[in-house]
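Asks: Following this message is one structure expressed as structure tokens.
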Ligand code: FBP
């Protein structure tokens, strides 16, 4: 495999580990835990994995060891920088605990476990992927592990390969399913432990226990670099308004973080749009007002950040999308589905530019949801702002030129070489998972805490997944799930944006973060995200 100079240098990088893993280690157990809500229901659904204590690892004289068995690993869902380091940390962790243990990777996501598709991850393979982005070492997939026949198929292959522990690297749903699997295997006395790891660039898998999901740091830094480059171009050419949509599915954490890193003229936060019940017209008017205010000062350029999920948070659009989801679940002909919309939704649908209306009816994801990454919200807003500015011009309220350019950043950041933060964090998550396995834990999520401090002071912990669960309505049924974290409007990151955005709108206060640095002074290479720093301050 041909490699770039950076790839070669980066392969030699030794990720940092929490102090607990530098010598001997001891497990410390806390008190019994409760789920964050719906305690009685969750306890009933998870009799074997409910109420377990939070555990932490501490440096000690004695060493831990692991029995003679093998471990399996699965990557689930969208790519996130650092996945390969979770796997290399897990590999090094189990080899340190028992050099005879083997690590098997299930191919193409959870379906690899069900369909018995796997490879043994040997030292040679692992070495090729250390500190690299991507999930290509074993691939990923979005198959949901939720049926007993799938769990039983997992038992079969685990028994065949001598696997007594599985590590599932995924987002909120995959970790919920990891816990369901752990519970099933305990109830069946299958002798297979299950450990989860918090992954997603979206940053929405966080709570009192999880400080951040891996991949968010690198992805936001990649997007912020490019946003900064676009800002510098905008400020040089002085003739374009750039509308930049950023990945992140529902939550606006990525847009908010990039906003804090680069100080754009406008950064829309979907959660605020929903809280204030803003209509599409109001959002468009606000943007047009800022364009006009800047034009009045001779600045016919600017940058707008748009969260990917915005469209679903605008009340009238939310109703329309829900109606379409329900109708398209049973009706394959789009025209017929549209004819059955409520009068209100039909008029919203008809008011949209044709291309956008069409995108709203495209194929749903496996959960029956509209695929927000396929909707060109940035183009929708450019078109509508243009129309609004023309009306303002006719009324004498706007003097200037408007030329909008649309961008979408998502896939550009999901497989970037992990930043030092993600490289260290992920390696530690994997190494910690190995130690949780050696300690006999199941139904736990591998967690690293105190992450705004130097890695030496990081705390390696295991948290029962049931502790993070509540009951929510999914596909018409009450289901136990890990609560998805949306942007909190009373949280420090949003407040930092709100305190500055009026100034950033009118003045040109751009910050140019530049590319991620892998080698150099710590203040350049090891900074966590602004979100994490503000939340943990
Ligand atoms: P995960 O939640 O699985 O980590 O995936 C996140 C994400 O990158 C979203 O930001 C985006 O909306 C979606 O995946 C895109 O999905 P796909 O990879 O199927 O195009």
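Read the figures in this text as sums done on the coordinates, not as results from a lab. Since the model is a prediction, treat every value here as computed from it, not as a measurement. For neighbour counting, all protein chains shown are included, and Cβ atoms are generated from backbone atoms with ideal geometry for every residue, glycine included.
Asks: May I ask you to say which residue of 410, 443, 406 is closer than 25 Å to residue 176 by Cβ, in contact with a strand residue (DSSP E or B) (Cβ under 9 Å, 6 or more places away or on another chain) and surrounded by fewer than 23 Cβ atoms within 10 Å (Cβ to Cβ)?
Replies: 410
Asks: Restricting to segment 61-78, name every residue that is within 16 Å of the ligand (Cβ to nearest atom) and assigned to a loop (DSSP other than H, G, I, E, B).
Replies: Passing the criteria: 77, 78.
Asks: Which numbered condition in (1) part of a helix (DSSP H, G or I); (2) within 16 Å of the ligand (Cβ to nearest atom); (3) in contact with a helix residue (DSSP H, G or I) (Cβ under 8 Å, 6 or more places away or on another chain) is the only one that residue 196 fails?
Replies: (1) is the only condition that residue 196 fails.
Asks: From the list 434, 461, 496, which one is touching a residue at least 24 places away in the same chain (Cβ under 8 Å), more than 20 Å from residue 254 (Cβ to Cβ) and either touching a helix residue (DSSP H, G or I) at 6+ places or on another chain (Cβ under 6 Å) or not in a strand (DSSP E or B) (or both)?
Replies: From the options 434, 461, 496, the qualifying one is 434.
Asks: Condition test on residue 154, is it buried (at least 24 other Cβ atoms within 10 Å of the Cβ) and touching a helix residue (DSSP H, G or I) at 6+ places or on another chain (Cβ under 6 Å)?
Replies: Considered against the rule, which asks whether it is buried (at least 24 other Cβ atoms within 10 Å of the Cβ) and touching a helix residue (DSSP H, G or I) at 6+ places or on another chain (Cβ under 6 Å), residue 154 comes out as yes.
Asks: Examine segment 306-329 for a residue that is closer than 24 Å to residue 82 by Cβ and away from the ligand (no atom under 16 Å from the Cβ), and state whether such a residue exists.
Replies: no
Asks: Something else: Identify, from the list 234, 178, the residue that is within 16 Å of the ligand (Cβ to nearest atom) and in a helix (DSSP H, G or I).
Replies: Result of the check over 234, 178: 178.
Asks: Further, regarding this structure: Residue 187 fails exactly one of the following numbered conditions: (1) more than 15 Å from the chain's Cα centre (by Cα); (2) more than 13 Å from the ligand (Cβ to nearest atom); (3) surrounded by 24 or more Cβ atoms within 10 Å (Cβ to Cβ). What is the number of that condition?
Replies: With respect to (1) more than 15 Å from the chain's Cα centre (by Cα); (2) more than 13 Å from the ligand (Cβ to nearest atom); (3) surrounded by 24 or more Cβ atoms within 10 Å (Cβ to Cβ), residue 187 is out only on (3).
Asks: From the list 281, 295, 255, which residue is within 16 Å of the ligand (Cβ to nearest atom) and out of contact with any helix residue (DSSP H, G or I) (no Cβ under 7 Å at 6 or more places or on another chain)?
Replies: 255
Asks: Please enumerate the residues belonging to segment 353-409 that are in a loop (DSSP other than H, G, I, E, B), more than 16 Å from the ligand (Cβ to nearest atom) and closer than 25 Å to residue 323 by Cβ.
Replies: 353, 361
Asks: Moving on to the next point. Does residue 110 satisfy being farther than 28 Å from residue 183 by Cβ, crowded, with 23+ Cβ neighbours inside 10 Å, under 19 Å from the mean Cα position of the chain (by Cα) and within 16 Å of the ligand (Cβ to nearest atom)?
Replies: In short, no.
Asks: Follow-up. Kindly indicate whether residue 85 is within 25 Å of the chain's Cα centre (by Cα) and under 21 Å from residue 435 (Cα atoms).
Replies: Answer is yes for this residue.
Asks: Same structure, new question: For segment 205-214, which positions are in contact with a helix residue (DSSP H, G or I) (Cβ under 7 Å, 6 or more places away or on another chain) and surrounded by fewer than 24 Cβ atoms within 10 Å (Cβ to Cβ)?
Replies: 207, 209, 211
Asks: Return the only residue of 217, 173 being within 16 Å of the ligand (Cβ to nearest atom), in contact with a helix residue (DSSP H, G or I) (Cβ under 6 Å, 6 or more places away or on another chain) and in a helix (DSSP H, G or I).
Replies: 217
Asks: Kindly provide the set of residues from segment 79-108 that are in a loop (DSSP other than H, G, I, E, B) and farther than 28 Å from residue 219 by Cβ, ordered by number.
Replies: Scanning segment 79-108 gives 98, 99, 100, 101, 102.
Asks: Next up: Take residue 191 and decide whether it is touching a residue at least 12 places away in the same chain (Cβ under 8 Å), more than 17 Å from residue 253 (Cβ to Cβ) and outside any loop (DSSP other than H, G, I, E, B).
Replies: No: the conditions fail for residue 191.
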